[in-house]
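To start, the structure itself, in structure tokens.
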Amino acid sequence: MIAEGRAAFDHGNFTAAREAFAAATSAQPDCPEALARLAETCGVLGDHPAAAQHWSSVLVLRPGLAVAYTGLALTLRAIGRLEDATAQFERAVAANPALAETPLHSRHLPALGRPGQAATVFREALRLDPAHSGARFNLSLALFKGDFKTGALAYEARWKAEWRGRERPFSGPRWTGRPLPSGQSLLLWGEQGIGDEIMFAGLIPAAIQAAAGPCLVECAPRLVPLFARSFPLAHIVPRADPPSPALPLAAAQAPLGALPGLLWPAGAPPVAPNHYLQADPATKAQLRTRLDLLGAGPKIGIAWRGGHPAAGRPRVIPAPAWAPLFAHPDLVVINLQHGATAEETAALASAGGRLHTLADIDPLRDMDTFAALVGSLDAIVAVDNSTIHLAAALGRPTAVLLAQDSDWRWGVDGTPCPWYPSLTRLRQSKADDWAAPIQAALDFLAALPPCRP
């Protein structure tokens, strides 16, 4: 049965794999391999309580098994028990210090306000295995929490780590950050998701100045109109696979994510660029007129979902958590959530939400008009997703609601955000509790001066 489960797992049939491993554990309840595979499969299927139970059973059979400590730690992290997860990671390292994979999963340490501890763990992994690109990549994410320049340089390890990015097939040499020969051009290309492209784009003007020559920027097609307006000194082209043969040859090229390592000063926190995206003024004015017809109060945009479930616990704020914001009598709340939202907006309505949706504006289809909508709002309050990046890059008053186990890019509380000066970070004090961040968002909105774009 274990062999059947492995075959099903390897082919992505996780439900069948779970059934096979469950049968194997019933037949051999003292078999740690069957229990471990069952625990792993339950985790993939999102049944984290069952996964935790099975990993604990493995440790009863095999006390001190490092891989079981690691599996239990990842499971506890997935359900938000970060302190307990940390303890299990420490047990895994103590059980097998040579297990270079183990420290790679402790990315939650920076989220707990311990980036230095995380960096120490990743450096130890590199000492044990200097070629481990995953350890170097995760070290960069920990260093971004404080040692920005070093973190940005180590971030280049992302291309060799197991992640979702891939390099573009451009043949030109990588740009070094130095001026190019007179008349020769620099090619910059977007990477990762829309939010990442927007975030790193804040350094495009500095790159143009440093290269001292013509600049081409290849980006997601739906960003082209917005980037073309915002970066008039660059020639903006839509990304195509493979790259368009009509794309002019460049003397050097670089992904946008390399710009912090090339341009940020050493030994000092970077200064976030002032708002660098420009929405279309005429469209903004038209949309503000539409918004004013909805009521006299401040126009506040919200988004409640972001991230991909495969990357960990999804970033979702459930409908009941928004009730205090909807209860405010003066706010006019605008739906900025992208994707299918009918079921969620119904849940928000049942929670008392007075949510206005401009159904003809879809960021997945027309980012430029969506940018004008965001730019016409008085403030934006949202979970960590691409809308936060857009709003902050447009310079609107923006509050991001962060999970306790938040992404590396948002740094540590009490330090400047290196990406956006207009951004306020409101973080959970404990996992899955959004009450305090929502209340902080209300305080954030109350402190805003009367404004109109």
* Structure fact -> Note on Asp330: of the conditions (1) of a type in the set (D, E, K, R); (2) assigned to a helix (DSSP H, G or I); (3) touching a residue at least 12 places away in the same chain (Cβ under 8 Å), unmet is (2)
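Considering the stretch 422-452 alone, what residues qualify as being among the charged types (D, E, K, R), assigned by TED's automatic domain parsing to the domain that holds Ile317 and out of contact with any strand residue (DSSP E or B) (no Cβ under 6 Å at 6 or more places or on another chain)?
Let us first name the residues in the stretch 422-452 that are among the charged types (D, E, K, R), namely 425, 427, 430, 432-433, 443, 452.
Next cut, assigned by TED's automatic domain parsing to the domain that holds Ile317 only: 425, 427, 430, 432-433, 443.
Of everything in the stretch 422-452, those that are among the charged types (D, E, K, R), assigned by TED's automatic domain parsing to the domain that holds Ile317 and out of contact with any strand residue (DSSP E or B) (no Cβ under 6 Å at 6 or more places or on another chain) turn out to be Lys430, Asp432, Asp433, Asp443.
How many of the residues making up the stretch 238-284 are of a type outside the set (Phe, Trp, Tyr) and assigned to a loop (DSSP other than H, G, I, E, B)? Before the answer, list the steps.
Step one: of the stretch 238-284, the residues of a type outside the set (Phe, Trp, Tyr) are 238-263, 265-275, 277-284.
If we keep only those that are assigned to a loop (DSSP other than H, G, I, E, B) as well, we get 239-251, 265-275, 277-280.
Residues flagged as of a type outside the set (Phe, Trp, Tyr) and assigned to a loop (DSSP other than H, G, I, E, B) within the stretch 238-284 amount to 28.
Going by the conditions given, is Asp47 free of Cβ contacts under 8 Å to residues at least 60 places away in the same chain, in contact with a Lys or Arg (Cβ under 9 Å, 6 or more places away or on another chain), over 24 Å from Val93 (Cα atoms) and surrounded by fewer than 23 Cβ atoms within 10 Å (Cβ to Cβ)? Reasoning before the result, please.
Working: free of Cβ contacts under 8 Å to residues at least 60 places away in the same chain: yes; in contact with a Lys or Arg (Cβ under 9 Å, 6 or more places away or on another chain): yes; over 24 Å from Val93 (Cα atoms): yes; surrounded by fewer than 23 Cβ atoms within 10 Å (Cβ to Cβ): yes.
Taking the combined requirement at face value, the residue satisfies it.
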* Selected residue [part of a helix (DSSP H, G or I), crowded, with 18+ Cβ neighbours inside 10 Å and more than 30 Å from the chain's Cα centre (by Cα)] from Phe9, Phe21 -> Phe21
* Structure fact -> Every listed condition ((1) closer than 17 Å to Ile302 by Cβ; (2) crowded, with 17+ Cβ neighbours inside 10 Å) holds for Trp408 save (1)
* Asked: Which pairs have Cβ atoms under 9 Å, sit 6 or more apart or on different chains, and link a residue in the stretch 352-368 that is in contact (Cβ under 8 Å) with a residue 40 or more places away in the chain and on the phi > 0 side of the Ramachandran plot to one that is assigned to a loop (DSSP other than H, G, I, E, B) and among the aliphatic types (A, V, I, L, M)?
  -> none
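Only residues that are in a loop (DSSP other than H, G, I, E, B) and in contact with a Pro (Cβ under 6 Å, 6 or more places away or on another chain): list them for the stretch 356-380, please.
So in the stretch 356-380, the residues in a loop (DSSP other than H, G, I, E, B) come out as 357-366, 376-378.
Within the stretch 356-380, Ser376, Asp378 meet the criteria.
Can we say Glu191 is loosely packed, with under 15 Cβ neighbours inside 10 Å, in contact (Cβ under 8 Å) with a residue 24 or more places away in the chain and of a type in the set (D, E, K, R)? Break it down into steps so the answer makes sense when it comes.
Details: loosely packed, with under 15 Cβ neighbours inside 10 Å: no; in contact (Cβ under 8 Å) with a residue 24 or more places away in the chain: yes; of a type in the set (D, E, K, R): yes.
Criteria not met by Glu191.
Out of all the residues in the stretch 388-408, which are assigned to a helix (DSSP H, G or I), touching a helix residue (DSSP H, G or I) at 6+ places or on another chain (Cβ under 7 Å) and not aromatic (Phe, Trp, Tyr)? Can you show your working first?
As a first pass, look at the stretch 388-408 and keep what is assigned to a helix (DSSP H, G or I): 388-393, 408.
Those still in the list that are touching a helix residue (DSSP H, G or I) at 6+ places or on another chain (Cβ under 7 Å) too: 389-391, 393, 408.
His389, Leu390, Ala391, Ala393, listed by residue number.
Can Arg127 be described as modelled with pLDDT of 90 or more and either loosely packed, with under 15 Cβ neighbours inside 10 Å or of a type in the set (Ser, Thr, Tyr) (or both)?
Details: modelled with pLDDT of 90 or more: no; either loosely packed, with under 15 Cβ neighbours inside 10 Å or of a type in the set (Ser, Thr, Tyr) (or both): yes.
In short, no.
State yes or no: is Pro265 surrounded by fewer than 18 Cβ atoms within 10 Å (Cβ to Cβ), closer than 24 Å to Pro449 by Cα and either touching a helix residue (DSSP H, G or I) at 6+ places or on another chain (Cβ under 8 Å) or free of Cβ contacts under 8 Å to residues at least 12 places away in the same chain (or both)?
Numbers: surrounded by fewer than 18 Cβ atoms within 10 Å (Cβ to Cβ): yes; closer than 24 Å to Pro449 by Cα: no; either touching a helix residue (DSSP H, G or I) at 6+ places or on another chain (Cβ under 8 Å) or free of Cβ contacts under 8 Å to residues at least 12 places away in the same chain (or both): yes.
No; evaluated as a whole, the condition is false for this residue.
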* Asked: If you go through the stretch 366-377 one residue at a time, do you hit one that is within 21 Å of Asp432 (Cα to Cα), outside the structural domain of Phe200 (by TED's automatic domain parsing) and buried (at least 16 other Cβ atoms within 10 Å of the Cβ)?
  -> no
* Inspect the stretch 390-407 for any residue being touching a Lys or Arg at 6+ places or on another chain (Cβ under 6 Å), free of Cβ contacts under 8 Å to residues at least 40 places away in the same chain and not acidic (Asp, Glu) and give the result as yes or no. => yes
* Structure fact -> Per the filter on the stretch 24-43, residues among the polar types (S, T, N, Q) and either part of a loop (DSSP other than H, G, I, E, B) or surrounded by 18 or more Cβ atoms within 10 Å (Cβ to Cβ) (or both) are Thr25, Gln28, Thr41
* Output the qualifying pairs, or none if there are none: Cβ atoms under 9 angstrom, residues six or more apart or on different chains, first residue in the stretch 1-16 and under 15 Å from Ala36 (Cα atoms) and in the same structural domain as Gly43 (by TED's automatic domain parsing), second residue modelled with pLDDT under 85 and β-branched (Val, Ile, Thr). => Phe9/Val44; Phe14/Val44
* Asked: How about the stretch 327-350: which of its residues are aliphatic (A, V, I, L, M), surrounded by fewer than 16 Cβ atoms within 10 Å (Cβ to Cβ) and closer than 24 Å to Leu448 by Cβ?
  -> Ala327
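Among the residues of the stretch 265-285, write down those that are at pLDDT 90 or above and not charged (D, E, K, R). If you could, list the steps in order and put the result at the bottom.
Residues of the stretch 265-285 at pLDDT 90 or above: 275-285.
Listed by number, the residues that qualify are His275, Tyr276, Leu277, Gln278, Ala279, Pro281, Ala282, Thr283, Ala285.
The values are calculated or read from the model by the stated rules, or taken from the named source; none is laboratory data. In this text the structure is predicted, and so the values were computed from the model without any measurement. Heads up, the Cβs are rebuilt from the backbone with ideal geometry, glycines too, and the neighbour counts pull from every protein chain shown.
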